[in-house]
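What follows is calculated from the coordinates using simple rules that are stated; it is not laboratory data. Everything quoted here is computed from the prediction, not taken from an experiment. With ideal geometry, Cβ positions are generated from the backbone for all residues, glycine too; neighbour counts draw on all protein chains shown.
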Amino acid sequence: MIRGLSDDNVSFLIEVIQRLMPQKLYVQTVRPPEKDEAIEAFQRLNDARTEIKQYLPKGFDPDKELEEIRAERYVPTISPEELLEKLNNEK
């Protein structure tokens, strides 16, 4: 029956149905609450963290690891004078 309607008539029919539906039911049916989605996403993230931790060594500190890698890869830019001073102080 709906297939025989024009696009304008289908749009009108959808509008009428939406107006007849209670607002709360319409919102839950058409657009589920974002809070639930966010809570579910956070729960999945938490579950993934818990699962991943079992594969890491005990006492693993991700912040420390990140700091060490950054120190290896990205040498801070210093002036030649500062470099000489640093080298002289290390001796």
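If we count every other residue with Cβ under 13 angstrom of Asp47's Cβ, Lys/Arg +1 and Asp/Glu -1, where does the sum land?
Within the 13 Å Cβ shell, the charges total +1.
Compute the length gained on full extension between Glu67 and Ser11: take 0.36 nm times their separation in residues and subtract their Cα-Cα distance, giving the result in nm to one decimal. Don't skip to the answer; put the middle values down first.
Details: separation 56, 0.36 × 56 = 20.16 nm, distance 5.70 nm.
Stretched out fully, the Glu67 to Ser11 stretch lengthens by 14.5 nm.
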